[in-house]
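We did not get these values from a lab; they are worked out from the coordinates using the rules stated. Predicted model, so just to flag it, every value in this text is computed and none were measured. Reconstructed Cβ throughout: ideal geometry from the backbone, glycine too, with neighbour counts over all protein chains shown.
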């Protein structure tokens, strides 16, 4: 699966012809997800805070907080793409 945000960033880094070739030659199926889907579904920061509260210092929790100051509600491009493949309807 390839999400639109990833492929757009990839195309910027390696160029559109190379990104198209990579997608066409890829042995696994490609998935395409509109940016608007990820922007509508947001991952709540309290979930990260709660899920990683079992230890005082957690690299995932601390890096997420450092990168996304409160209030943090991250777009879910990857999650919406995965959900579309698990349940296409």
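Listed by first and then second residue, the pairs linking a residue in the range 66-78 that is free of Cβ contacts under 8 Å to residues at least 60 places away in the same chain to a residue that is part of a loop (DSSP other than H, G, I, E, B) and surrounded by 10 or more Cβ atoms within 10 Å (Cβ to Cβ), with Cβ atoms under 6 Å apart and 6 or more places separating them unless they lie on different chains, are 76/41.
Under the condition of being more than 30 Å from residue 20 (Cβ to Cβ), assigned to a loop (DSSP other than H, G, I, E, B) and within 13 Å of the chain's Cα centre (by Cα), the residues counted in the range 31-78 number 0. Scan the range 48-62 residue by residue and report those that are surrounded by fewer than 11 Cβ atoms within 10 Å (Cβ to Cβ) and closer than 20 Å to residue 79 by Cα. Once the filter is applied, which keeps residues that are surrounded by fewer than 11 Cβ atoms within 10 Å (Cβ to Cβ) and closer than 20 Å to residue 79 by Cα, the range 48-62 yields only 60.
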